Amino acid sequence: MARTISTRSSKSPIPVIIGAGITEQWYFSHLRDLLNLRVKIRPRYFGTEDIKQLDKKISQVVNEGSIAICVFDADTSEFDETEKSKITALKKKYAGKKNVILCDSLPSLEYWFLLHYEDTNKHFANSHTAEIELRSFIPLYEKTESFLQNHKWVDDMTTDGKLEAAVNRAKKYETANGSYSNVYQAIELLAPKK
């Protein structure tokens, strides 16, 4: 008599966003809802800029069999050699790993947002200067719960080809001097072109 073999669904793992703060959490939560993305966003995976803590969270997600998408700012590496070496070590550790995507931005995630509106890779001294420039396109932008929780600012960045423009601009400046963002890699994984 033949045994019945139970088959498990061979669905690919659901990627998990790991981020440094509430800006990343709200941005990807809104993107997930607006674009119907298949991604997990849990508060426990957010809230630290510390590379060591981000690495622990990456390892946890990978050990659970998921894909880790880690979104963080690289601005401190510009003036702190210790942070620069930690980021370099993190990138080296996960280089070539298909289940880890490191999405750092210099100076910050706000530069990624700016790429939706402007074709630039000028060097911003810090995240504050990128935020100031971003406000010429999103006048009320601020890193507060009350602003970030409203999906309109993300909705605006996904209309009229702005998201695709940001991806293309980020790719163009990936290896150039000046500001950069690797967030486009997460976008390409989560919302591939049809």
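The values are calculated or read from the model by the stated rules, or taken from the named source; none is laboratory data. Source: prediction; values computed, not measured. Every residue, glycine as well, gets a Cβ built from its backbone with ideal geometry; the counts of neighbours run over all protein chains shown.
Observations
- Residue satisfying all of: in the range 11-21; at pLDDT below 95 and in a loop (DSSP other than H, G, I, E, B); surrounded by the fewest Cβ atoms within 10 Å (Cβ to Cβ) among these: Lys11
- Output for the range 139-152, where each listed residue is more than 19 Å from the chain's Cα centre (by Cα) and farther than 17 Å from Ser29 by Cβ: Pro139, Leu140
- Only one entry in Glu49, Glu24 is among the acidic types (Asp, Glu) and not in a helix (DSSP H, G or I), namely Glu49.
- Some residue of the range 109-119 being within 17 Å of Gly178 (Cα to Cα), modelled with pLDDT of 95 or more and over 18 Å from the mean Cα position of the chain (by Cα): yes
- So Glu164, is it without any contact (Cβ under 8 Å) to a residue 40 or more places away in the chain and surrounded by 14 or more Cβ atoms within 10 Å (Cβ to Cβ): yes
- Boolean, Lys193 is of a type in the set (Lys, Arg), touching a strand residue (DSSP E or B) at 6+ places or on another chain (Cβ under 7 Å) and either surrounded by fewer than 18 Cβ atoms within 10 Å (Cβ to Cβ) or modelled with pLDDT of 95 or more (or both): no
- Of residues in the range 27-46 being of a type in the set (A, V, I, L, M) and assigned to a helix (DSSP H, G or I), the one nearest to the chain's Cα centre (by Cα): Leu31
- Within the range 98-117, the set of residues being of a type outside the set (A, V, I, L, M, F, W, C) and in contact with a helix residue (DSSP H, G or I) (Cβ under 8 Å, 6 or more places away or on another chain) comprises Asn99, Asp104, Ser105, Pro107, Ser108, Glu110, Tyr111, His116, Tyr117.
- Residue that is modelled with the lowest pLDDT [pool: residues in the range 58-81 that are assigned to a helix (DSSP H, G or I) and of a type in the set (S, T, N, Q)]: Ser77
- Residue within the range 57-76 that is surrounded by 12 or more Cβ atoms within 10 Å (Cβ to Cβ), more than 26 Å from Leu34 (Cα to Cα), free of Cβ contacts under 8 Å to residues at least 24 places away in the same chain and out of contact with any Gly (no Cβ under 6 Å at 6 or more places or on another chain) present: yes
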